[in-house]
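Below is one structure, written out as structure tokens; comments come after it.
The values are calculated or read from the model by the stated rules, or taken from the named source; none is laboratory data. Model, not experiment: these values are computed from the prediction. Note: ideal-geometry Cβ built from the backbone for every residue, glycine included; neighbour counts use all protein chains shown. Areas reflect the complete protein model, heavy atoms only, side chains present, ligands, DNA and RNA absent. Shrake-Rupley method; radii C 1.70, N 1.55, O 1.52, S 1.80 Å.
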Amino acid sequence: MMYESGEMYLENLLILCQKQNIVRAIDLADAMKLSKPSVSRALSKLRTEDYILVDDDGALLFTDKGRSVAEKIFERHRVLTQVLIALGVDEETAAADACKMEHDISDKTFEALKAHLR
């Protein structure tokens, strides 16, 4: 089972991968405003659990399993942010609240939300 913190690392890695060709641990630490040792421990766990790979140059790469989780969480973040904004919540608050909600909402409820938006 993936924990919220692991999902956050994967989501942030996905976002960074969309902005730059090569993402290393230091890039993730900077983006998440975390210490390099904290990020190294988390990445080690994600590697052990087959969510990411690290190439010889230190670039972080997704496994299929890791990319799937990252894309799922990122989609939830985007959709939940849109829903909250549509309800009248300001963008900054909507994004912050979506970040909390994206990890706890059930697949069933999320799919119902998406269906309702269509």
Thr63, sole failed condition from (1) over 16 Å from Glu11 (Cβ atoms); (2) under 18 Å from the mean Cα position of the chain (by Cα); (3) touching a residue at least 12 places away in the same chain (Cβ under 8 Å): (1)
Residue tally, condition assigned to a loop (DSSP other than H, G, I, E, B) and either acidic (Asp, Glu) or open to solvent by 50 Å² or more (accessible area, probe 1.4 Å) (or both), over the stretch 6-62: 12
Total residues in the stretch 18-57, condition more than 22 Å from Asp104 (Cβ to Cβ) and touching a Leu at 6+ places or on another chain (Cβ under 8 Å): 13
Complete set of residues in the stretch 63-118 that are open to solvent by 30 Å² or more (accessible area, probe 1.4 Å) and of a type in the set (Phe, Trp, Tyr): Phe74
Unmet criterion (only one of (1) open to solvent by 30 Å² or more (accessible area, probe 1.4 Å); (2) aromatic (Phe, Trp, Tyr); (3) at pLDDT 95 or above) for Tyr3: (3)
